[in-house]
Amino acid sequence: MRKQLQQQIERLKTAGASYVDARWYPVEETEHLMMWNGNLKNAAASRESGVGIRVLYQGAWGFSASSDAANLTALFNKALDNARVAAQRCTFPVHLAEKAPVHGSFSSPNRIDPFSIPLADKVGFMKALDERLNRPGVSQRVCELSFTRKQIVYLDSEGSEIEKRIIDLFPSMQVMGLDSHGETHGRKFSPTLAGATRGWETIDPALFNAQAERIVQEMNEVRVAETCPTDMRSAILLPGIMYLQTHETIGHALELDRILGYELAYAGGSFVTLDDFGTLRYGSPKLTVRADATLPNSPGSFGYDDDGVPAQDNLLIDQGLLVGAINGRQMVAEANARAGKTLFPGSSGANRATAFYRAPIERMTNINIDPGNDGSLDEIVRNTEKGIILDGDKSWSIGSNREQFHFAVDIGWLVEDGAVTRVVKNATYRGETVPFYHSLSAVGDRSTWELLSVNNCGKGQPNQIMQLGHGVPVCRFDQVTIGE
Amino acid sequence: MKEQILQTLHDLRSYALEKQIDAAFFLHEEESCLMRCANSAISLNTNEQLLRLEITAYEGRKRASFELITALGNMEEMQQGVDRAAEMVKHAQPLDYQPTMPAFSETCSDESGFDADLAGITNAARLEFFNQAVAGLEADEITLSGIFSSGVTTLAQISTCSEHCQYFKTTDAQISIVLSHVTYKWELLAEQSARQATDLDPSALHCDLAFLLEQYQQDTPCQLALGRYDVVFGSAAIAELLDIMNYIGFDGGSMKRGFSFISEDQVGQKVLSNRFTLIDDPTCLDTFPFQRDFMGMPRTPFPIFANGVFRSFTWSQDDADEFGTAPTGHTVMHKSLVLAGGNTQVSTLKELVDLPHSNDLLYIPSLHYLNIVNPSTGLITASSRFGALLLTKDGSVVVPYNVRITQSLLDIFGNRLAWLSQAQVVNNTSSSYGARNPTAIVVPAFVQVNDLEISHTNASY
């Protein structure tokens, strides 16, 4: 197959393509188990294989994919034909950032392949967990296990050949209950990505058992709590919501394709302009953010992106100053030309596709906030006069240029004079991105830092779901509007 | 191709019967094309040909499924999939209810939604559509974005319960065209949905965009004051609100699980404005309907709200099995929602601007990033996007920056619902996540809701 793909790549080069790459998925497997109130509602597995071809012709992209690899010539021809038509409407011909040919391989570290675990064992784990969640006050219990295992062979016309074997695992549990008004409240748990691997060995039943007790207890506290007041307070975001804040208002805002206007028809743009790099104070000096695809244990780490660029660890925001973007090879030349200077030296290794049948686009890797020097959660609370601790993503809505946002969370704890006073329900907060990050007044130390995964980041047309990670500490923001 | 698909299903059925496996087969084939524009260029031009086969095995109260993305001729791999599903179901855990297997009592074939001309539309035609839709409207600072997504979707089903099968084939196209300003960052949108080639009309999009462009080029954007406004929603916004109501309103399973703002005892009660009549209408071809659901149940027009009175929850087979009720023909990939029009004679944005009004009207054509804040109260939040206008009571038109609305669907479609336009339009709500599933909702072109609070206003786009 590799030889056939290479021959087709060469053929299209001869036919006038300036660049060709092929991503062949010999196999991608998934397994999804969902137990809802003790019922195994979903016991599903999948297996897919196919080829995706990307062609650059006179600076325009064409893409073609099929699950039937029997006629590669037609598939490659289709991609070239698509690119030829695209070249008829081309305003800034794509010029890929430089990359030396890469011959490499990547295997995500894992000790136990989750697909090697018998289904009965997985169901048994979920059943035991479900029973532990089945407590007074709980009306809905949801346990989920999702696994993916894929092999990707990448070849391009510049001589690169890469093989990746990636396993990812996404476990979670959630409880819901009704308050006296019949309103539903929930609490959920997904484990922090700890350790150096990402296989079945990362599932620790003892941890899940302990967390099951916690989320039931907290959900029951919310059920009987008063409604979150409408107020202006310091908001102390725990990692369970800070990861999403980071995702929506830093990660997406710094994707270079969005900044250049390539997502305007769907996901939206970004308030960030090219002039902002090196000049915009995105937040307070306590804010340092990086895109780190080198962490071993996260779905945001993949060895090489789908341009064949090796994984990197790059600063995005350095002590409040915007310094970097999330980009692949295809946006660099255009961004630098539009800026009139070299803003981006090359690809940051962040071009990824969700499947063989989608073309790669700029995606987040692990967008992490560095831990700070403001101590533990307890210390931050002690130093907060009037605040609210917030945790658990319930709802998120962000402006089309990522300039403002509204989040609802699972639980809030009011803080008065350095101490937690009471739990509140229906807690929300909103803000404007840059003023919000300028109000960042405390960043927790390493003890508060957690790496969490995202299994469902949507972007692009045709739409793509991507998996990635966020490592974040506890963060406190001042003068935040809550309860609206 | 149809014969090959049906023969494949019959062969798989025979294989399962030989092995004494109770199984249902769901085949989805798509040929998808998507031309995407950005910065006035075609930024991506794609073509995907994919065949998915989902095999669900049953064993008493146990159920497990295995899905393949494969090629039609790969019978050996498909048979392995049957074996895999059968193996999985052995180790699955019994449900506390009896799941119903699809058992088709007669063979059904519906290709009424297929149009050969739309299926055969070329790259050149798509490009020409874009060129015509924005002819003369682009400028150095005003650039084109958008998609022309079209395709053919084939669904076919069989189960070991009977030799009858179901076959559906449809074509669709979804076009959205955005003109945006490079510096000011405003965005204007015009959309079109098509089920046949004759539905394609670039001049209609050109007309909409030209009118909006005129407003946006003549005025300086402003930040609106916070407060309460009479809001006119455009068709895209209305469709999105109905789409979310489908999830947290009248879906029976969601209601039983605590994700609905409507309770069981509200069936037959007045819940929304008497102007609000919503129906699931599979006879409306514009909605890419299913004439039968995936259990073989014939689908007929199904009233959901009649003059504000809540008529019925919709029930998929699995939810009906679990909660001990009767299914309503809603085991489908999407419903065919139609919101009845009202009496107000306004069908275009120009007519809306000219419509006499005693208060300022805030026109919101589209909602961005709508999400559910509290399903139990129907509370949602979203920002305006794509060409909002403030139509002042003195007759002038002001271009506002985007605003945020955080409101309950009970308020939006309740007593604050002032009027609905008589004219209806088809709003294509398809996404291209996962398997192709063309979806559209028929809605009034405009709906006015009075006294809605704007909780945030942008100082820029």
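Looking at segment B:259-375, what strands (runs of 3 or more DSSP E) fall wholly within it and have at least 3 residues that are at pLDDT 95 or above and within 14 Å of chain A (Cβ to nearest Cβ)?
Answer list for segment B:259-375: B:366-374.
The rows are residues; the columns are (1) modelled with pLDDT under 95; (2) more than 22 Å from B:ALA445 (Cα to Cα).
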position	(1), (2)
B:LEU137	no, yes
B:LEU155	no, yes
B:ILE175	no, no
B:HIS181	yes, yes
B:LYS185	yes, yes
B:ALA194	no, no
B:LEU200	no, no
B:GLN217	yes, yes
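Which residues, counting only those in segment A:231-247, are touching a Lys or Arg at 6+ places or on another chain (Cβ under 7 Å) and not small (Gly, Ala, Ser)?
Of everything in segment A:231-247, those that are touching a Lys or Arg at 6+ places or on another chain (Cβ under 7 Å) and not small (Gly, Ala, Ser) turn out to be A:ARG233, A:ILE236.
Just wondering, is there one or more residues in segment A:355-362 that are on the phi > 0 side of the Ramachandran plot and under 20 Å from the mean Cα position of the chain (by Cα)?
So far as segment A:355-362 goes, no, none of its residues is on the phi > 0 side of the Ramachandran plot and under 20 Å from the mean Cα position of the chain (by Cα).
Please enumerate the residues belonging to segment B:432-457 that are closer than 15 Å to B:SER366 by Cβ and either aromatic (Phe, Trp, Tyr) or facing chain A (nearest Cβ under 10 Å) (or both).
B:PHE446
Identify, please: which residue in segment A:389-442 is among the aliphatic types (A, V, I, L, M) and over 30 Å from B:HIS368 (Cβ atoms) and is, among those, farthest from the other protein chains (Cβ to nearest Cβ)?
A:ALA419
Got at least one residue in segment A:351-360 being in contact with a Pro (Cβ under 6 Å, 6 or more places away or on another chain) and under 30 Å from A:ARG446 (Cβ atoms)?
yes
Inside segment A:54-90, can you point out the residues that are outside any loop (DSSP other than H, G, I, E, B) and of a type in the set (S, T, N, Q)?
Selection gives A:SER64, A:SER66, A:THR73, A:ASN77, A:ASN82.
Kindly indicate which of A:GLY471, A:GLY444, A:GLY460, A:GLY431 is farther than 14 Å from A:HIS247 by Cα, surrounded by 19 or more Cβ atoms within 10 Å (Cβ to Cβ) and within 16 Å of the chain's Cα centre (by Cα).
A:GLY460
Output the number of the condition that A:THR73 fails; it satisfies all remaining conditions of (1) touching a residue at least 24 places away in the same chain (Cβ under 8 Å); (2) out of contact with any helix residue (DSSP H, G or I) (no Cβ under 8 Å at 6 or more places or on another chain).
Just one mismatch for A:THR73, condition (2).
Keeping to segment A:1-39, report how many residues are closer than 21 Å to A:VAL55 by Cα, not polar (S, T, N, Q) and not in a strand (DSSP E or B).
12
So in segment B:11-46, with the set limited to residues that are surrounded by 23 or more Cβ atoms within 10 Å (Cβ to Cβ) and more than 21 Å from A:GLU263 (Cβ to Cβ), which one is farthest from the other protein chains (Cβ to nearest Cβ)?
This residue is B:ALA16.
Can you tell me which residue is farthest from the chain's Cα centre (by Cα) among those in segment A:118-131 that are charged (D, E, K, R) and crowded, with 19+ Cβ neighbours inside 10 Å?
Only one residue fits best here, namely A:ASP130.
Working only within segment B:331-352, note down all residues that are over 30 Å from B:PHE168 (Cβ atoms) and in contact (Cβ under 8 Å) with a residue 60 or more places away in the chain.
B:GLY342, B:ASN343, B:THR344, B:GLN345, B:VAL346, B:SER347, B:THR348, B:LEU349, B:LYS350, B:LEU352
Testing B:ASP201 on (1) touching a Ser or Thr at 6+ places or on another chain (Cβ under 6 Å); (2) charged (D, E, K, R); (3) without any contact (Cβ under 8 Å) to a residue 40 or more places away in the chain, one condition comes back false. Which one is that?
Every listed condition holds for B:ASP201 apart from (1).
Identify all residues within segment B:126-150 that are part of a strand (DSSP E or B) and within 11 Å of another protein chain (Cβ to nearest Cβ); write none if there are none.
Once the filter is applied, which keeps residues that are part of a strand (DSSP E or B) and within 11 Å of another protein chain (Cβ to nearest Cβ), segment B:126-150 yields B:THR143, B:LEU144, B:SER145, B:GLY146, B:ILE147, B:PHE148, B:SER149.
So B:SER421 fits all but one of (1) under 20 Å from the mean Cα position of the chain (by Cα); (2) in contact (Cβ under 8 Å) with a residue 40 or more places away in the chain; what number is the exception?
(1)
Look through segment A:83-103, keep the residues that are of a type in the set (Gly, Ala, Ser) and within 29 Å of the chain's Cα centre (by Cα), and return whichever of them is farthest from the other protein chains (Cβ to nearest Cβ).
This residue is A:ALA100.
Regarding segment A:373-384, can at least one residue be identified that is within 14 Å of another protein chain (Cβ to nearest Cβ) and either touching a strand residue (DSSP E or B) at 6+ places or on another chain (Cβ under 6 Å) or polar (S, T, N, Q) (or both)?
No, the conditions are met nowhere in segment A:373-384.
Can you tell me how many residues within segment A:389-425 are closer than 30 Å to A:ALA267 by Cβ and of a type in the set (A, V, I, L, M)?
5
How many residues, within segment A:59-82, are within 17 Å of A:ASP156 (Cα to Cα) and more than 7 Å from every other protein chain (Cβ to nearest Cβ)?
8
For A:VAL51, which of the numbered conditions (1) hydrophobic (A, V, I, L, M, F, W, C); (2) outside any loop (DSSP other than H, G, I, E, B); (3) at the interface with another protein chain (Cβ under 9 Å from one of its Cβ atoms) fails to hold?
(3)
Determine which member of the set A:PHE106, A:PHE115 is under 30 Å from A:PRO239 (Cβ atoms), under 27 Å from the mean Cα position of the chain (by Cα), among the aromatic types (Phe, Trp, Tyr) and within 13 Å of chain B (Cβ to nearest Cβ).
Of the residues listed, the single one that is under 30 Å from A:PRO239 (Cβ atoms), under 27 Å from the mean Cα position of the chain (by Cα), among the aromatic types (Phe, Trp, Tyr) and within 13 Å of chain B (Cβ to nearest Cβ) is A:PHE115.
Could you tell me whether A:GLY300 is out of contact with any Lys or Arg (no Cβ under 8 Å at 6 or more places or on another chain), within 25 Å of A:MET173 (Cα to Cα), of a type in the set (Gly, Ala, Ser) and assigned by TED's automatic domain parsing to the domain that holds A:SER376?
Criteria met by A:GLY300.
The values are calculated or read from the model by the stated rules, or taken from the named source; none is laboratory data. These numbers were taken from a predicted model, which means no experiment stands behind them. Every residue, glycine among them, receives a Cβ derived from its backbone with ideal geometry; neighbour counts consider all protein chains shown.
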